[in-house]
Amino acid sequence: MEIGVMNNPARDLLKEIQWIGEHGFDFVDLTLEPPGAQSIYVDVDAVRELLDKYKLGVIGHTAYYLPIASPFNSFSKLAVEELRNCFAVFQALDVQKVNLHADEFTGAIFSRERALARNIKVMKRIAKDASRYGLKLIIENTMRLFNSVEELQMLFAEVEDAGFHLDVGHANLNARKNKTPEFLANFHDRLEHVHLSDNKAGTADLHLPLGAGLIPWNKMIAELRKYKYDGTITLEVFSRDRRYLLASRDKLLELWNSDLAHTE
């Protein structure tokens, strides 16, 4: 198991990578977003130098708000073009996997069925684009779309080469209980990457430290171990005080190495 952190795109990218490396994480969940990490302004050589210095791996991450399935076709084309810009940076950094989010805003414009269909159609094209850059596309369950087994089955039936990016925090939202167990039961063979953060259910994606919300982490970690997952896990904890992020790593390691992870 490898533990990583996402750079804060509001901050200087090189300083972010330096902090992640100095604090002993295994990889950077490299999100390419403005203002601090827009793809066309990334100094690839400087980033590579820091990654090598700290022996950091990289998982590619793209902005969750790109309008890939917008009813304005011009917006959708621009969003896909920005993804290609990101893919070029990731290729230059020898990244193997890149994540993608559904365009959730389409769910407020179209019927659910049409929103899902539009997203799936464009995701098929994006997966082919990613492959041309030597990247495997991994698709994240979001708060409102592709956050059920049925919708993910529809997605993976069409985007056959895509991997599954499990966000345990998202699986706890707009639901009566956390959907992680059923997601893993159905898609563990596609699982490529995991995001962990806490919340209090409902609709708010709070990105709290592990243990600060209502998610039963003993059970969640036990489920990952049950399917022998031993890959990359990003602590997607957003706090100005990064001691909470470091404390979340301690909690994750404690659970991962403890028999407590076998019980709720």
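The values are calculated or read from the model by the stated rules, or taken from the named source; none is laboratory data. Everything numeric here is computed off the predicted structure, so don't read it as measured data. Using ideal geometry, Cβ is built from the backbone for each residue, glycine included, and neighbour counts are taken over all protein chains shown. With ligands, DNA and RNA removed, areas are computed over all heavy atoms of the protein, side chains included. Shrake-Rupley method; radii C 1.70, N 1.55, O 1.52, S 1.80 Å.
For the reader, a short list of remarks on this structure follows.
- Surface analysis of the chain yields an accessible area of 47 Å² per residue, using protein heavy atoms and a 1.4 Å probe.
- Simple spin-label estimate for residue 48 and residue 228 gives 3.6 nm between the two label positions (7 Å along the Cα-to-Cβ direction from each Cα).
- Pairs of alpha carbons in the stretch 12-77 whose separation is greater than 20 Å (percent): 35
- Note on the chain: with charges restricted to the Cβ of Lys and Arg (+1) and Asp and Glu (-1), its dipole about the Cα centre is near 500 debye.
- The stretch 149-166 - phi-based ³J(HN,Hα) in whole Hz, Karplus 6.51/-1.76/1.60, Gly and Pro as x: 4, 4, 6, 5, 5, 4, 4, 6, 5, 9, 9, 5, 8, 6, x, 9, 10, 7
- Where the alpha-carbon atoms of the chain are placed on the principal axes, they occupy 50, 44, 30 Å, in descending order.
- Taking the 1.4 Å solvent-accessible surface of the stretch 1-141 as the whole, the part contributed by carbon and sulfur is 51%.
- A P(r) calculated from all alpha carbon pairs of the stretch 117-264, with 10 Å bins opening at zero, reads 11, 40, 34, 14, 1 percent.
- Reachable lysines, given that their alpha-carbon falls under 22 Å from the alpha-carbon of residue 121 and they are not under 8 places away in the same chain: 77, 97, 136
- Considering only the chain, percent of DSSP beta bridges that pair antiparallel, nearest 5: 5
- Mean Cβ neighbour count within 10 Å, used as a protection proxy, ranking 5-16, 130-141 highest first: 130-141, 5-16
- Under 20 Å from the Cα of residue 226 - lysines, other chains or at least 8 residues apart: 177, 179, 251
- Length added when fully stretched, residue 131-residue 108, from 0.36 nm per residue minus Cα-Cα: 5.2 nm
- In nm, spacing of pseudo-spin labels at residue 241 and residue 219 (7 Å Cα→C-beta vector): 2.9
- Per-residue 3J(HN,Hα) values for the stretch 123-130, derived from phi via the Karplus relation 6.51 cos²θ - 1.76 cosθ + 1.60 with θ = phi - 60°, read 5, 4, 5, 5, 4, 5, 4, 4 Hz in sequence order (x marks Gly and Pro).
- Note on the chain: dipole from Cβ charges, positive end direction compared against 76, 61, 7; the farthest Cα belongs to 76.
- Distance from the stretch 26-102 to the stretch 118-137 (C-alpha centre basis), Å: 14
- Peptides 50-59, 95-104 ordered by average Cβ neighbours within 10 Å, highest first: 95-104, 50-59
- The relative contact order of the chain comes to 15 percent, based on Cα pairs under 8 Å that sit 6 or more residues apart.
- The stretch 106-115 - phi-based ³J(HN,Hα) in whole Hz, Karplus 6.51/-1.76/1.60, Gly and Pro as x: 5, x, 8, 10, 9, 4, 4, 4, 6, 4
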